[in-house]
Amino acid sequence: MALGLKEIKRRINSFKSMRQITKALKMMSVAKLRRAQDKAEAARPYTRKIQEVIASIASGTSGSKHPMLQVRPVKKTGYIVITSDRGQAGGYNGNMIRKVLQSINEKHKSQDEYVLFVIGRKGRDFFKKRNYPVIEEVVGLPENPNFADIKKIASAAVSLFAEEKIDELYLCYNRFQSAISQIPTVDKLLPLEPVESAAQGANYEYEPSSEEVLAVLLPQYAETLVYSALLDAKASEHGARMTAMGNATDNATDMINKQTLFYNRARQAAITQEISEIVAGANAQA
């Protein structure tokens, strides 16, 4: 059924309002992406430095028996899954969740073999509604999260591994490549891979001992990797939302153009019909 002029005009105005909203969201995401990238880059030197310190200590510590470095038979696995609290980010959350489910289906036969630590409302809601074993969650993170915001969940996951309640721990997040490219990634966090020193430096003596210093630094290093992944995921989220809102703005513009064309055709048809009726009426009176 053909639409009337008023209905087409109403649709055009609706698409124009939608375009204003998506364009504003895109511009907000552009600004947030820049800040998120700056924060992620600012955190990397700290991560590299603590890695160098651990490598330096480990190189002078033979046969360390710290549980975070020990590979043991896998009976139970933990997954730290980072998603967003909000939608409107294209496939950002869906791609991450599918990647986690793929990993779970490949590695496990029952829910007794794994547990989930979920950051973000979208992931929390998805897994809880389907009765997945979510034992820790964090939602409502600020746009610029600090380490304290995820300290509890990161510490809980690392502690479970150190206490041998889980035998390996994976970190699941969207790795930022560019504003239009975010890669769903599942990296093994624990046990930690051997950290090699880049170059030979001075030999240091540690008090009370290098083993005890290493025991303090290793959990902090693992938690730092979680925080670094969160910052990377935040940049990915803003990039994905910027791209999604840009596409939505372009689609709204296309719909406005199409509806405007329909409106002009319908208006022209209405004018032609009115002229025809006037001419027919004049001929009838002649």
Taking the C-alpha atoms of region 215-286, convex hull volume expressed per residue in Å³: 46 Å³
Built amide H within the under 5 Å cut-off of S84, gap 5+: K122, G123
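State which helices in the chain qualify, where a helix is a whole DSSP H run, it must extend 15 Å or more along its own axis by its Cα atoms, and its mean Kyte-Doolittle hydropathy must be at least -0.5. List each step's numbers first, then the result.
Working: long enough: 5-59 (78 Å, -0.53); 92-107 (23 Å, -0.84); 147-162 (21 Å, 1.17); 210-285 (110 Å, -0.11).
In the chain, the long hydrophobic H runs are 147-162, 210-285.
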Alpha-carbon Debye profile of the chain, log10 I(q)/I(0) at 0.07, 0.10, 0.15, 0.17 Å⁻¹: -0.41, -0.66, -1.13, -1.30
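I need the semi-axes of the equivalent ellipsoid of region 92-140: take the C-alpha gyration tensor, multiply each eigenvalue by 5, square-root it, list largest first in whole angstrom. Numbers along the way, then the final one.
On the way: eigenvalues 62, 36, 13 Å².
Three semi-axes, in Å: 18, 13, 8.
Sort F15, F161 by accessible area with a 1.4 Å probe, largest first.
Working: F15 45, F161 0 Å².
Accessible-area ranking of F15, F161, largest first: F15, F161.
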Built amide H within the under 5 Å cut-off of E168, gap 5+: K76, G78
Rounded Å value of the spacing that divides the Cα centres of region 77-153 and region 1-31: 34 Å
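Where both partners of a DSSP beta bridge lie in the chain, what percent of those bridges are antiparallel, to the nearest 5?
Details: 9 of 24 bridges.
Close to 40 percent.
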Proximal lysines to K32, defined as alpha-carbon separation beneath 17 angstrom and excluding residues fewer than eight positions away on the same chain: K23, K234
Region 132-271: proportion of alpha-carbon pairs further apart than 21 angstrom, %: 62 percent
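For the chain, what does -39500 (n - 2.57) per DSSP helix run (n ≥ 4), summed and divided by total residues, give at 222 nm, in deg cm²/dmol to the nearest 500?
Values: 5 runs with 172 residues, N = 286.
Estimated from H runs of four or more residues: -22000 deg cm²/dmol.
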Choice from A235, A162, A266 showing the highest fluctuation, given a GNM over the chain with Cα pairs closer than 10 Å: A266
Rounded to whole Hz, the Karplus (6.51, -1.76, 1.60) HN-Hα couplings of region 168-178, x for glycine and proline: 7, 9, 10, 10, 10, 7, 8, 7, 7, 10, 7
Inter-centroid distance (Cα atoms) of region 232-271 relative to region 155-177, Å: 41 Å
Percent antiparallel among DSSP beta bridges (both partners in region 67-225, rounded to 5): 40 percent
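Among the trypsin sites (Lys or Arg not before Pro) within region 136-179, which fall in a DSSP loop and have no more than 15 other Cβ atoms within 10 Å of their own Cβ?
Details: sites: K151, K152, K165, R175; in loops: K165.
Those satisfying the criteria are K165.
P(r) tail for region 1-129, what percent of Cα pairs lie past 25 Å?
Numbers: 4921 of 8256 pairs.
Everything past 25 Å amounts to 60 percent.
Taking 4 °C and 1.567 mPa s as the conditions, I'd like the Stokes-Einstein D for region 6-60 in µm²/s, using the Kirkwood hydrodynamic radius from alpha carbon pairs. Walk me through the intermediate numbers first.
Values: Rh = 15.2 Å.
Rounded to a whole number, D works out at 85 µm²/s.
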For region 70-122, convex hull of alpha carbons as volume per residue, Å³: 87 Å³
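The values are calculated or read from the model by the stated rules, or taken from the named source; none is laboratory data. A quick note: this is a predicted structure, and the numbers were derived from the prediction, not measured. As a convention, Cβ positions derive from the backbone with ideal geometry for all residues, glycine included, and neighbour counts pool all protein chains shown. Only protein heavy atoms, including side chains, enter the accessible area calculation; ligands, DNA and RNA are left aside. Shrake-Rupley method; radii C 1.70, N 1.55, O 1.52, S 1.80 Å.
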